[in-house]
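Beneath this line is the structure, given in structure tokens, with notes to follow.
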Amino acid sequence: MAIDCMTNIQTMSQPQKQHQHQQDHKEHKEDEAPLVFDASLLRHQLNLPKQFIWPDEEKPCMNVPELVVPLIDLRGFLSGDPVATMEAARRVGEACQKHGFFLVVNHGIDANLISHAHSFMDDFFEVPLPQKQRAQRKTGEHCGYASSFTGRFSSKLPWKETLSFQYSAEEKSSTIVKDYLCNTLGQEFQQFGRVYQDYCDAMSNLSLGIMELLGMSLGVGKACFREFFEENNSIMRLNYYPPCQKPDLTLGTGPHCDPTSLTILHQDQVGGLQVFVDNEWHSISPNFNAFVVNIGDTFMALSNGRYKSCLHRAVVNSKTTRKSLAFFLCPKSDKLVSPPSELVDESNPRVYPDFTWPMLLEFTQKHYRADMKTLEAFTNWLQHKRS
């Protein structure tokens with residue numbers, strides 16, 4: 001979910017804050033000439049608007065080594081085979097201690113549903129911009145259509161469009177995705193809404209299974225995290241990266257760690273996901289039969305820092321639109337993110353304070369642009385706020 005930050009939030013004095021605010025406002029004013037990310041026009045443009053050009057030290061490198069990501073076969077786990085389940089939990093634990101990324105195959109998700117979820121993206125992103133703007137994401141909110149982040153930031157903008165919506169696994173909210181999409185986009189999006197409602201239901205079920213494996217791998221039992229996320233309030237995001245004539249100058253998504261708990265990503269065949277491991281960027285090749293899974297900051301806190309969230313980004317290309325489906329698992333709003341007692345002892349004292357997911361979400365939407373230090377900055381901000 002993005003990069004950059006408000007520096008030293010916890011130590012900045014009032015006069016410094018005032019000066020910083022005036023400076024930010026001034027810079028924003030200078031760049032305020034209406035910048036609209038209209039992919040139908042920008043995809044052909046040879047000269048990129050300066051807001052999309054990233055600093056030299058952050059510009060992408062296209063030819064990076066491929067990351068060898070563990071391929072976890074879920075067939076035995078889903079069929080109740082205890083030996084296969086233990087092996088899957090062991091391999092998930094290994095991946096999470098190393099870099100927090102792994103692939104799952106034989107996951108039980110209908111291949112037709114995955115194909116429909118990809119193809120229906122065109123029904124939204126290929127329409128003219130004014131139609132997409134019916135779902136325009138409001139400042140400070142995380143749901144809706146975003147054409148890059150032109151309304152929120154004025155530099156290092158990502159070369160992408162997104163449509164994000166909330167999902168709830170609570171029984172009373174069984175049509176929340178369909179209702180939101182139809183109410184926002186119009187009744188002609190009924191089938192569109194049904195596809196993503198079904199897809200989110202499937203992702204929620206898959207994520208609960210992965211939570212069982214994570215619980216086993218950490219020694220707290222398969223029920224611990226499954227129950228914690230049973231009535232999850234999650235986020236679904238459709239990512240659409242149009243071609244860019246100067247892909248070496250910009251990024252589809254800047255380097256960041258996901259602030260959420262668990263991300264389940266499905267890539268199309270184009271490729272563009274890169275992960276920072278052992279001090280260099282690596283690519284994760286597309287595999288249409290697999291989901292890419294990674295740990296987010298909220299689960300890192302829930303595991304008391306045992307499992308790490310990992311820095312990643314997306315690059316773009318000059319020829320082909322890239323699409324991906326990202327399901328961000330988040331706990332129910334009133335759940336306290338606090339590690340199980342088994343993960344806290346003299347050798348492993350508490351690393352992060354208790355918090356709820358809405359508190360971290362508000363921090364990333366209103367105070368901080370998610371990067372590799374989001375959880376650290378959030379902890380400092382929270383402690384300062386509480387003191």
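Residue count for region 70-87 satisfying the condition of being assigned to a loop (DSSP other than H, G, I, E, B), within 27 Å of the chain's Cα centre (by Cα) and without any contact (Cβ under 8 Å) to a residue 40 or more places away in the chain: 1.
Okay, residues lined up against (1) surrounded by 16 or more Cβ atoms within 10 Å (Cβ to Cβ); (2) assigned to a strand (DSSP E or B):
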residue	(1), (2)
Ile114	yes, no
Phe120	yes, no
Asp123	no, no
Arg134	no, no
Glu141	no, no
Leu157	yes, no
Phe165	yes, yes
Val177	yes, no
Tyr180	yes, no
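Among the numbered conditions (1) open to solvent by 50 Å² or more (accessible area, probe 1.4 Å); (2) among the basic types (Lys, Arg); (3) in contact with a Phe, Trp or Tyr (Cβ under 9 Å, 6 or more places away or on another chain), the only one that Arg350 does not meet is (3). Is there a residue in region 124-137 that is modelled with pLDDT under 90, more than 30 Å from Ser341 (Cα to Cα) and in contact with a strand residue (DSSP E or B) (Cβ under 7 Å, 6 or more places away or on another chain)? So far as region 124-137 goes, yes, one or more of its residues are modelled with pLDDT under 90, more than 30 Å from Ser341 (Cα to Cα) and in contact with a strand residue (DSSP E or B) (Cβ under 7 Å, 6 or more places away or on another chain). Restricting attention to region 192-221, the residues that are in contact (Cβ under 8 Å) with a residue 60 or more places away in the chain and farther than 16 Å from Val104 by Cβ total 8. Of all residues in region 96-109, at least one satisfies being open to solvent by 20 Å² or more (accessible area, probe 1.4 Å), at pLDDT below 95 and over 24 Å from Tyr240 (Cβ atoms). Looking only at region 277-297, count every residue that is open to solvent by less than 10 Å² (accessible area, probe 1.4 Å) and over 22 Å from Pro259 (Cβ atoms) and tell me the total. The qualifying residues number 1. The residue of region 102-138 that is farthest from Leu273 (Cα to Cα), among those that are in contact with a helix residue (DSSP H, G or I) (Cβ under 9 Å, 6 or more places away or on another chain) and of a type in the set (Val, Ile, Thr), is Ile109. Among strands (runs of 3 or more DSSP E) entirely within region 229-327, having at least 3 residues that are within 25 Å of Glu170 (Cβ to Cβ) singles out 233-241, 262-267, 291-295. Give me the residue from region 328-374 that is in a strand (DSSP E or B) and touching a Pro at 6+ places or on another chain (Cβ under 9 Å) and, out of that set, farthest from His142 (Cα to Cα). For region 328-374, the residue satisfying everything is Val337.
Say whether the condition of being modelled with pLDDT of 95 or more, within 22 Å of Trp54 (Cα to Cα), open to solvent by 20 Å² or more (accessible area, probe 1.4 Å) and over 17 Å from the mean Cα position of the chain (by Cα) is met by at least one residue in region 304-318. Checked against the condition, which is being modelled with pLDDT of 95 or more, within 22 Å of Trp54 (Cα to Cα), open to solvent by 20 Å² or more (accessible area, probe 1.4 Å) and over 17 Å from the mean Cα position of the chain (by Cα), region 304-318 yields at least one hit.
If you check Phe228 against the conditions, is it of a type in the set (Phe, Trp, Tyr), open to solvent by 10 Å² or more (accessible area, probe 1.4 Å) and closer than 28 Å to Phe120 by Cα?
No, not satisfied.
Considering only residues in region 192-222 that are part of a helix (DSSP H, G or I) and in contact with a Gly (Cβ under 7 Å, 6 or more places away or on another chain), the one that is surrounded by the most Cβ atoms within 10 Å (Cβ to Cβ) turns out to be Ser217.
Evaluated against (1) in contact (Cβ under 8 Å) with a residue 60 or more places away in the chain; (2) in contact with a Phe, Trp or Tyr (Cβ under 9 Å, 6 or more places away or on another chain), Arg306 falls short on exactly one condition, (2). Against the test of being in contact with a helix residue (DSSP H, G or I) (Cβ under 6 Å, 6 or more places away or on another chain) and in contact (Cβ under 8 Å) with a residue 12 or more places away in the chain, the options Ser333, Ser324 yield a single qualifying residue, Ser333.
Selection of region 363-387 for residues being open to solvent by 50 Å² or more (accessible area, probe 1.4 Å), more than 17 Å from the chain's Cα centre (by Cα) and among the hydrophobic types (A, V, I, L, M, F, W, C) yields an empty set. Is it true that some residue in region 88-98 is on the phi < 0 side of the Ramachandran plot, free of Cβ contacts under 8 Å to residues at least 40 places away in the same chain, touching a Phe, Trp or Tyr at 6+ places or on another chain (Cβ under 8 Å) and assigned to a loop (DSSP other than H, G, I, E, B)? No. For region 243-258, the count of residues that are more than 24 Å from Trp159 (Cα to Cα), aliphatic (A, V, I, L, M) and touching a residue at least 40 places away in the same chain (Cβ under 8 Å) is zero.
Filter region 276-309 for residues that are under 19 Å from Lys59 (Cα atoms) and of a type in the set (A, V, I, L, M, F, W, C) and give the result. So that I can check it myself, show each step before the final result.
The first filter runs over region 276-309 and keeps only residues under 19 Å from Lys59 (Cα atoms), leaving 276-284.
Phe276, Val277, Trp281, Ile284 - these are the residues of region 276-309 that are under 19 Å from Lys59 (Cα atoms) and of a type in the set (A, V, I, L, M, F, W, C).
The values are calculated or read from the model by the stated rules, or taken from the named source; none is laboratory data. Predicted model, so just to flag it, every value in this text is computed and none were measured. Neighbour counts are summed over all protein chains in view; Cβ atoms, including those assigned to glycine, are modelled from backbone coordinates with ideal geometry. We work out accessible area using only protein heavy atoms, side chains counted, and drop any ligands, DNA or RNA first. Shrake-Rupley method; radii C 1.70, N 1.55, O 1.52, S 1.80 Å.
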